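One structure is given here, and the rest of the page talks about it.
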Amino acid sequence: MMRGYRLYQRLGAKIRTRRVRAGMTQQELGDACGLTRASISNIETQGQKPMLHTLCLMADALDTTPESLLKGAWS
């Protein structure tokens, strides 16, 4: 269970890093994905589990791939 939780923490951190590099606010990313700013914050910091289609939307908005966001998150 703990390893799975770390996966989502690391994924959230990678999403945050990509968002900041892209110069986007949490609100802008949320708007692009159909999520609230609070949901983006929870994904980035609390390990909230994004649904697969949401991960794909986030990756697209961040000009990357879901694979890139997931790479290294499991280790």
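Each value in this text was obtained by applying a stated rule to the coordinates, not by laboratory testing. Predicted, not measured: the structure shown is a model, and the values here were computed from it. Here the Cβ is made from the backbone with ideal geometry for all residues, glycine too, and neighbour counts use every protein chain on show.
Just a few scattered comments:
- Largest first and in whole Å, the equivalent-ellipsoid semi-axes of the chain read 18, 13, 11, each the square root of five times a Cα gyration tensor eigenvalue.
- Calculated [θ] (222 nm, deg cm²/dmol) that DSSP helices of n ≥ 4 give over the chain, each run adding -39,500 (n - 2.57): -20500 deg cm²/dmol
- For segment 6-20 versus segment 32-75, the gap between their alpha-carbon centres in whole angstrom: 7 Å
- Neighbour-limited loop hits for chymotrypsin sites (Phe, Trp or Tyr not before Pro), the chain (at most 11 other Cβ within 10 Å; DSSP other than H, G, I, E, B): TRP74
- The distance between label points at VAL20 and THR64 comes to 1.2 nm (points 7 Å beyond Cα on the Cα→Cβ vector).
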